[in-house]
């Protein structure tokens with residue numbers, strides 16, 4: 001049966017969400033808010049200085065790690081938060097302002113017009129205390145020009161099938177003890193791409209599969225492949241698919257393109273029926289950090305081009321999944337060995353390094 005290709009309706013911004021512009025003039029106020037966290041343990045005021053660009057947020061968090069020592073060193077008595085835990089000055093000490101030029105310089109690099117709020121900036125869980133992403137550029141060893149996901153995969157589609165190796169994801173799926181693929185009645189394939197995962201699921205006996213992807217060119221290939229009953233052009237975190245309609249939600253090799261894992265895990269939870277499984281195959285953070293290699297492709301001009309890449313630690317996944325209500329049932333990590341070196345001989349130097357991971361989450365109910 002040929003698949004139906006549709007586009008998900010646009011989604012509105014969540015109610016109650018606030019976005020604020022951050023200009024250079026706000027830097028002193030923002031540093032005061034960060035310092036206030038250490039003084040009181042409170043996040044009061046953070047939403048007033050929300051930073052839209054999630055890949056910049058960790059910078060504020062990173063520099064806030066050593067704010068206490070900077071306050072002691074340069075702040076003087078009026079910045080001593082441990083002696084005055086209830087005090088939150090509007091301005092920090094002039095000495096702190098002079099001494100804390102690194103933080104001020106970093107904050108000035110933030111774009112001047114930012115529109116999305118940061119949720120739970122100082123919440124525990126994940127790298128730097130946020131369930132977000134570390135910036136890949138801190139590990140980048142290639143320096144490729146970078147494009148967004150839709151642009152990148154739209155260009156990569158011409159040779160995508162020839163460059164993505166089955167050992168990266170499908171081999172990991174073969175190792176899973178659960179779910180029982182033959183027992184699945186309906187699956188949602190998030191980030192379905194050209195339909196590789198959908199075809200694999202059909203081969204395991206899954207009778208009905210709906211696919212979602214952001215890139216029209218990839219969906220066109222998936223439609224020709226014919227493994228899906230329905231194909232939807234949409235964000236994987238806002239699919240437009242029905243609530244509690246699937247006993248399997250599956251997603252493969254997309255997490256590095258997401259700046260916020262929470263949205264993916266929440267959407268998977270919404271789609272999943274009680275007792276359903278969410279299977280997620282990811283690019284292992286260790287390999288991204290060790291190799292300095294982003295997700296990339298070679299375009300028609302022979303140029304190597306990177307697609308927006310983020311680094312999510314295993315703890316980021318655990319924190320986001322638990323927050324959404326999932327229970328971890330199984331986890332496998334794919335390590336570079338003979339099978340990998342056979343297809344990529346230059347990767348001998350990465351032998352025994354983990355490159356991918358497969359999580360199986362369960363929705364109890």
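Rule-based calculations on the coordinates, nothing more; no lab input. Treat the numbers as computed from the prediction; the structure is a model and nothing was measured. Cβ placement follows ideal geometry from the backbone for every residue including glycine, while neighbour counts extend to all protein chains displayed.
In terms of its C-alpha gyration tensor, region 163-262 comes out rounded, because the ratio a/c of the largest to the smallest axis stays below 1.5.
In terms of its Cα atoms, region 326-365 spans 47, 14, 10 Å along the principal axes, sorted from long to short.
Our analysis of region 275-362 gives Rg over Rh at 1.05, with the two radii drawn from alpha carbon positions and Rh computed by the Kirkwood formula. Taking other Cβ atoms within 10 Å as a rough exposure proxy, 229, 166 sort from fewest to most as 166, 229. Averaging 1/r over each pair of different alpha-carbon atoms in region 143-362 and inverting the result gives 17.5 Å, the Kirkwood hydrodynamic radius.
In percent, rounded to a whole number, the relative contact order of region 143-362 is 23, using alpha-carbon pairs under 8 Å and six or more apart.
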